[in-house]
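Student: After the structure tokens below, expect a handful of questions from me.
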Amino acid sequence: MEPTVAPRDRLTLEEARRRAEQVSNIAYVLDLDLQAGAKVFHGDVTITFDHAGGDTFLEWMGGRIDRFVVNGSEAEADWDGGRITLPGAVLGERNEIHVSYERAYDHTGEGFHQFSDPEDGAEYLYTQFEPYSAHRLFPCFDQPDLKATYRVAVSAPAEWVVVSAGAEIDRQALPDGRTRRLFAETVPFSTYLMSVFAGAYAGVHDHHGDIPLGIYCRRSLFRYLDAEPMFAVTKAGIDFYQDLFDQPYPFGKYDQIFVPEFNWGGMENVAAIGYTDTVVFRDPPTEDQLTRRAEYLMHELAHMWFGDLVTMRWWNDLWLNESFASYVAYLALDHIGGFPGIWLDFHTRMKLWAYREDQRPTTHRIADEVPSTDETFLNFDGITYGKGAAVLKQLVAAIGPDAFRTGLQTYFRRHRFGNASLADFLAALQEGSGVDLVHWAARWLRTASLNTLAAEWQVEGNRLARLDLVQTAPEEHPVLRPHHVEVALVAADGKPKVLPATISAERSPLTGAAGLAAPSFVYPNFNDHGYAKVALDPVSTAWARGNLGRIASPLLRQQVWGSLWEMVRDRLLSSTDYLNLVRRSGGAEKVLPVVELITETAASAIARYVPEERIDAEAHLLVEAARAAIDLVPPGDLRVLWGRALLGQARSAEDARLAATLVDVPPDGLAVDQDMRWGVAVTWVALGLDGADDRLASERERDSSDRGDRAMVTAEASRPDPAVKEEVWQRLHGGGYPSLHLTLAAARGFFRRSQRDLVEGFVPRFFEGLPGLFTEWEAEASRAYFRTLFPWHRIEPSTREMVDGVLGRGDIGPMLRRLLVETADDLDRALKCREMAMGEQMPAATQA
């Protein structure tokens with residue numbers, strides 16, 4: 001049968017609460033039928049469950065239902081394309097429902113995704129369900145607090161690898177040459193953590209004690225799979241977490257599968273984790289790339305306990321899952337060793353992301369209400385991940401690591417294989433620490449936005465007369481919070497004297513500061529324990545701008561760069577002054593995460609905060625500075641980072657030719673990778689340079705992979721040709737690309753500042769189409785479309801007016817509204833920063 005009406009793919013908190021009172025003791029027996037090269041798959045599921053009375057429903061976002069049986073009786077499913085209604089009158093105390101069905105594969109990285117490898121034609125399938133897509137694979141009760149057991153069987157080509165949550169326990173030959181794999185029944189877990197991977201995967205196996213380990217990737221990537229270091233960090237992580245949580249690894253085996261066109265870094269499916277295969281490195285990786293991959297591995301491994309063994313009841317505690325996994329992943333890597341810049345990476349990847357999100361008008365409480373699964377998508381953000389992790393880090397600094405460990409162990413003992421809430425987590429930590437966490441949670445978890453910390457100090461002679469810590473809060477969120485920090489009093493030689501401090505009121509004197517030698521510079525968040533912006537006092541600002549290289553601590557240098565960047569965003573320092581500082585001091589920096597922050601913020605300054613008429617000049621100056629830095633810094637990763645910075649700012653024909661020389665004849669000590677080569681080729685096409693097509697063809701011959709497919713699509717969309725632009729626009733909006741990732745590749749090349757006049761007519765079309773697109777496209781696809789295609793080349797009041805025009809419509813949903821509100825705020829900030837920089841009199845080309 002086909003659905004009777006348009007599907008509704010949304011679950012509210014109230015619906016979930018009601019269903020959780022009705023349904024329990026669930027078990028799924030799932031049999032999947034997969035044929036090579038098919039556009040659809042077939043399934044057969046038997047669901048048994050207890051029922052406490054009343055009407056309820058199953059979710060099934062399907063293509064067709066072939067058979068529907070309730071407690072042994074054939075029935076016509078009451079199905080609207082998203083839900084199958086189960087009238088209470090046909091249900092008993094214990095029930096069995098059987099559904100046979102067919103459905104098309106997905107191509108958006110959600111649901112049951114299908115991919116064909118352009119290098120060898122091999123087929124790959126994988127599932128991705130969080131937060132609300134398990135019902136794209138099989139009919140189910142799709143909410144996190146309805147845990148169930150799973151017995152899975154998969155009929156698939158004999159040469160395919162098939163992986164699921166349970167271990168394979170039997171394999172049967174089928175008459176058509178395929179095999180039917182049977183997997184062991186699992187322990188109870190939530191539907192969004194169920195998974196199936198099938199296709200021409202290649203794998204490596206190991207074990208850790210009695211835990212079988214597997215690592216898989218596409219056959220065409222297998223020669224690049226560096227499994228040994230991934231096994232090593234996985235084993236060390238298992239040991240660390242088993243000790244920290246006082247719980248053995250809970251799921252028998254542990255497989256890690258690297259898959260194509262994945263929308264996230266990783267996904268914590270029980271015992272079968274999915275990762276983006278962009279971290280199976282085709283080219284030699286830099287240290288920061290290896291660190292990021294290791295963080296992915298440790299983050300998802302932590303979820304096996306926090307998220308999978310103990311699971312949130314509803315999505316309002318999503319933050320606790322993700323914040324906790326992020327924080328303890330860094331804790332694990334620090335313990336394991338081999339990642340010297342791990343807390344610098346935490347500052348860049350977690351805290352700066354969180355600071356940015358927490359200053360938006362859409363900031364929200366860490367522990368916030370989530371009325372439906374639609375809003376869940378909105379909270380996969382820097383507050384849920386970055387701020388939550390930073391706040392947990394500060395909590396550990398306040399209560400101590402031993403108390404934190406004791407509390408965690410209590411939590412897992414109480415709630416293993418069950419569901420829990422924030423209140424359960426805090427109760428366990430409070431018992432472990434003896435600290436009243438109710439007030440802490442009210443200030444940190446139940447309020448939005450962030451504080452700013454500053455130091456106010458006076459000197460008499462050459463001694464400190466006083467030093468006060470001061471905290472402020474924005475007018476919209478006037479909440480002062482308890483901060484446990486360390487204050488660095490930095491001498492002229494860059495060496496700090498560190499004093500501990502606590503501030504919960506507006507002002508607090510720093511104990512022990514009076515009478516100390518007068519510092520040259522004061523920083524009130526040494527070692528980065530606190531979650532707060534830091535406002536540098538005038539003396540410290542002046543000293544930092546001239547003496548960044550003297551600061552002995554790499555983490556403190558990074559924090560100071562971050563604080564100066566926040567001053568740009570707050571219009572306390574102009575974008576051009578900041579770029580001047582990058583050119584003067586950036587090339588002398590030798591610590592990779594610090595250089596990463598410098599180059600990324602410099603690129604953002606040019607793209608957003610430099611006045612329009614000065615962008616080309618500032619970009620050229622950064623290209624020159626990056627080229628000089630390549631020769632100045634030691635061979636290796638630092639040169640790669642500066643090389644990437646140069647390529648990213650090559651906007652003119654002159655700089656594009658310099659970029660080409662860099663990748664064609666790289667200097668010693670600079671490892672040029674294929675992404676860099678593609679970047680140059682696309683820039684040449686966009687600028688219409690002679691020889692651009694030859695360069696593009698050369699790179700295509702070098703790279704026939706799906707990465708090459710995406711680069712070719714981006715290059716085509718970048719062509720300065722009105723007919724090409726119209727054709728690409730039609731394909732973008734008419735399903736003309738076979739997957740979401742290829743669609744986004746086209747979007748990346750479409751709007752270019754150098755082609756402003758050419759693409760001007762498409763800008764109003766972008767805004768006019770948003771309401772309809774967000775109605776028709778899936779949540780992840782529509783959000784990615786908006787963020788990738790938005791015309792950021794056009795930072796001006798008329799763009800802001802177009803944003804307001806869409807916001808003024810009554811037919812937009814919560815996701816589009818939030819994206820538009822955030823974009824309006826970003827545009828306002830950019831326009832004000834540009835206006836400030838416009839007030840400078842010195843031309844960019846003559847700055848020192």
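The values are calculated or read from the model by the stated rules, or taken from the named source; none is laboratory data. These numbers were taken from a predicted model, which means no experiment stands behind them. With ideal geometry, Cβ positions are generated from the backbone for all residues, glycine too; neighbour counts draw on all protein chains shown. Just so you know, the surface numbers come from the protein's heavy atoms only, side chains and all, with ligands and any DNA or RNA stripped out. Shrake-Rupley method; radii C 1.70, N 1.55, O 1.52, S 1.80 Å.
Student: Round to a whole angstrom and tell me the spacing of the C-alpha centers of segment 425-450 and segment 107-145.
Tutor: 37 Å
Student: Would you work out which of V310, P611, L689 lies farthest towards the positive end of the dipole of the chain, given +1 charges on the beta-carbon of Lys and Arg and -1 on that of Asp and Glu, about the Cα centre?
Tutor: P611
Student: Based on alpha-carbon centroids, what's the gap between segment 651-718 and segment 233-252 in Å, whole number please?
Tutor: Distance between centres, Cα-based: 44 Å.
Student: Turning to a different aspect of this structure: Which shape class, rounded, prolate or oblate, goes with segment 1-145 when its Cα gyration tensor gives a ≥ b ≥ c as root eigenvalues, a/c under 1.5 marks rounded, and past that a/b bigger than b/c marks prolate?
Tutor: prolate
Student: To continue, here is another question. Pairs K39/K147; K393/K590; K351/K393: which exceed 19 Å Cα-Cα?
Tutor: Result: K39/K147; K393/K590 exceed 19 Å.
Student: So how far, in whole Å, is the C-alpha centre of segment 263-310 from the one of segment 72-89?
Tutor: Segment 263-310 and segment 72-89 have Cα centres spaced 39 Å from each other.
Student: Can you tell me the orientation of helix 674-687 relative to the chain, as the angle in degrees between its alpha-carbon axis and the longest Cα principal axis, to the nearest 10?
Tutor: 70 degrees
Student: Also, quick follow-up: By how many degrees, 0 to 90 and rounded to 10, does the Cα axis of helix 422-433 deviate from the longest principal axis of the chain?
Tutor: Tilt relative to the chain: about 60 degrees.
Student: Another one. Taking the chain as the reference, fit the longest principal axis to its C-alpha atoms, fit the long axis of helix 779-789 to the helix C-alpha atoms, and give the angle between the two in degrees, 0 to 90, nearest 10.
Tutor: For helix 779-789, the angle is close to 30 degrees.
Student: Further question: Dipole of segment 373-448 (Lys/Arg Cβ +1, Asp/Glu Cβ -1, origin at the Cα centre): which of V438, A448, F404 lies farthest to the positive side?
Tutor: The residue sitting most towards the positive pole is F404.
Student: Roughly to the nearest percent, how much of the accessible area of the chain is carbon and sulfur, given a 1.4 Å probe? Please list the in-between numbers first.
Tutor: Values: 15560 of 30640 Å².
About 51 percent, which is the carbon plus sulfur part of the accessible surface.
Student: Also: Per residue, how large is the accessible surface of the chain? Use a 1.4 angstrom probe and give square angstrom.
Tutor: Values: 30640 Å² over 848 residues.
Accessible surface, normalised per residue, equals 36 Å².
Student: For the ranges 464-476, 166-178, what's the packing order if you count other beta-carbon atoms within 10 Å of each residue, average per peptide, and put the highest first?
Tutor: In decreasing order of mean packing, 464-476, 166-178 become 464-476, 166-178.
Student: Let me ask something else. Dipole size in debye (nearest 20) for the chain around its Cα centre, Lys and Arg Cβ +1, Asp and Glu Cβ -1?
Tutor: The calculation lands at about 1900 debye.
Student: Return the lysines within reach of K253: Cα separation strictly under 19 angstrom, same-chain partners fewer than 8 residues apart disregarded; answer none if there are no such residues.
Tutor: K235
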